[in-house]
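The structure appears right after this line, and notes come after that.
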Amino acid sequence: MQSADLPDVQKFYDTEYQISLTSEDADQLYDVVDGVPVYRTQYQAGLIVDFVDLPKGASVLDYGAAKAKSLYRLCERRSDISPHVFDVSEDYRSYWQGWVPKDQQATYSAPAEWNGRFDLITAHFVLEHVREPVEIFSDIARLLSPSGRFFFSVPDVLGNPADMIVVDHLNHFTRTSLPVALDRAGMKIERIDTSRLRGAFVVVASLKQGHEKVGAPDPSETKAVIKSLNECCASWHDAEKLVANAQARNAGRKVAIYGAGVYGTFVYARIRNSGGAACFVDRNPHVHGRDHLGVPVLPPEALPVDIGVLYVALNPAVARKAMADLGFDRREGLELVYLS
């Protein structure tokens, strides 16, 4: 499923999309294990090691690299690999210096001399942003060596409904659509996983051999997926009603939002004209002390005692457990408002 294109996608990603440039160490918090934060880039590097058997001295390309932090972390584990980076912006050049040779960097288009070079190409949350995903898959296919592997991750819209409302996510992938898109680009799926990266597909693909064909999805399965996509869209309308009802019920009480991401932005957009929020709360230390939408972001333990309403702006699949883990569900005088 595809959303409407942005007005000028190429310009947006070249000069305006600076989500990872807010600070030198900007990274997304993936998990907290025994009190220790685990960031997305280090987790993605671990997935590559687990999913792909890389030969010694492998040539690896991070496609849509941005800062290429996952590739950097992979190089820390495997100093023998030869790193390459490609992005559609010049904004990240300074982050590649010192560890990626200059002739192994490219922007705007991957050079023809790279054709058939790579043992591994990675693309971490890239394909949801592009106008024509099959064209990008085809470009990646030309760069793969005959025995190369393509490792990529994309949001699973049915596993993480936030994907549906992110304005620059133009493609919303499903288990039935991914094999078709790759097949049209001359590739096939070797492995697809939904358990190792929350709310996302982790996929390993390779080049098809000869006239190898991938079977079309079963019509009944496609029909079920379409039904689920419609239900996902409807769930956002239901969430709007839940927020509106909570506003009416709690007029005059001091409000905070747990989650300074997509869900938090969704909630804030619906309450800002009726008092807004005193603060956002988030576990990611990289956003503490910063503002999101002009509102300060605090760690959970700093939630002010006079907050009466906390909107839980998280994936509904994990929201209640997260509040229980933090003890907010037992805090006297605090109403938790969930989105489902």
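The values are calculated or read from the model by the stated rules, or taken from the named source; none is laboratory data. Since the structure is predicted, the reported quantities are computational estimates derived from the model, not experimental observations. Ideal geometry is used to build each Cβ from the backbone, glycine not excepted, and the neighbour counts take in all protein chains shown. For the accessible areas, the whole protein counts, side chains as well, though only heavy atoms, and no ligand, DNA or RNA atoms are used. Shrake-Rupley method; radii C 1.70, N 1.55, O 1.52, S 1.80 Å.
For segment 249-262, take each phi angle, set θ = phi - 60°, evaluate the Karplus expression 6.51 cos²θ - 1.76 cosθ + 1.60, and give the result in whole Hz per residue in order, putting x for glycine and proline.
6, 10, 4, x, 8, 7, 10, 9, 10, 8, x, 9, x, 4
Please report, to one decimal in angstroms, the Kirkwood hydrodynamic radius of segment 120-159 built from all distinct Cα-Cα pairs. Mind showing how you got there, number by number?
Working: mean 1/r = 0.0912 Å⁻¹.
So the Kirkwood estimate lands at 11.0 Å.
Would you mind checking the radius of gyration and Dmax of segment 114-199 based on alpha-carbon positions, in Å?
13.0, 38
Pairs of lysine in the chain with Cα under 29 Å and at least 8 positions apart or on different chains: total?
The number of close lysine pairs in the chain is 25.
Estimate the FRET efficiency between residue 50 and residue 226 by the formula 1/(1 + (r/R0)^6), using the beta-carbon distance for r and 25 Å for R0, to the nearest 0.05. Show your work: numbers first, answer last.
On the way: r = 33 Å, r/R0 = 1.30.
Efficiency computed from Cβ-Cβ geometry: 0.15.
Which whole-Hz couplings ³J(HN,Hα) result when phi for each residue of segment 172-182 is put into the Karplus expression 6.51 cos²θ - 1.76 cosθ + 1.60, θ = phi - 60°, listed in order with x for Gly and Pro?
For segment 172-182, the Karplus curve yields 10, 8, 10, 4, 7, 7, 4, x, 5, 4, 5 Hz.
Hey, got the Cα dimensions of segment 276-337 along the principal axes, in Å, largest first?
On the principal axes, segment 276-337 reaches 27, 25, 20 Å in Cα extent.
What share of all Cα pairs of segment 27-184, in percent, falls into each consecutive 10 Å distance bin?
10, 38, 38, 13, 1
Relative to the compact globular guide of 2.2 N^0.38 Å, what is the alpha carbon radius of gyration of the chain, as a ratio? Show your work: numbers first, answer last.
Working: Rg = 21.4 Å, N = 340, 2.2 N^0.38 = 20.2 Å.
This ratio for the chain stands at 1.06.
Sequence-distant or interchain residues sharing an amide H contact under 5 Å with residue 200, placed H: which?
156
Would you compute, from DSSP H runs of 4+ residues alone, the mean residue ellipticity of the chain at 222 nm, taking -39500 (n - 2.57) per run and dividing by the full residue count, rounded to the nearest 500?
Working: 8 runs with 96 residues, N = 340.
Helix contribution divided over all residues of the chain: -9000 deg cm²/dmol.
What figure, in Å² to the nearest 10, do you get for the accessible area of residue 99 with a 1.4 Å probe and non-protein molecules left out?
Spelled out: residue 99, probe radius 1.4 Å, area about 50 Å².
Taking the inverse of the average 1/r across all pairs of different Cα atoms in segment 120-277, what Kirkwood radius in Å do you get? Numbers along the way, then the final one.
Values: mean 1/r = 0.0562 Å⁻¹.
So the Kirkwood estimate lands at 17.8 Å.
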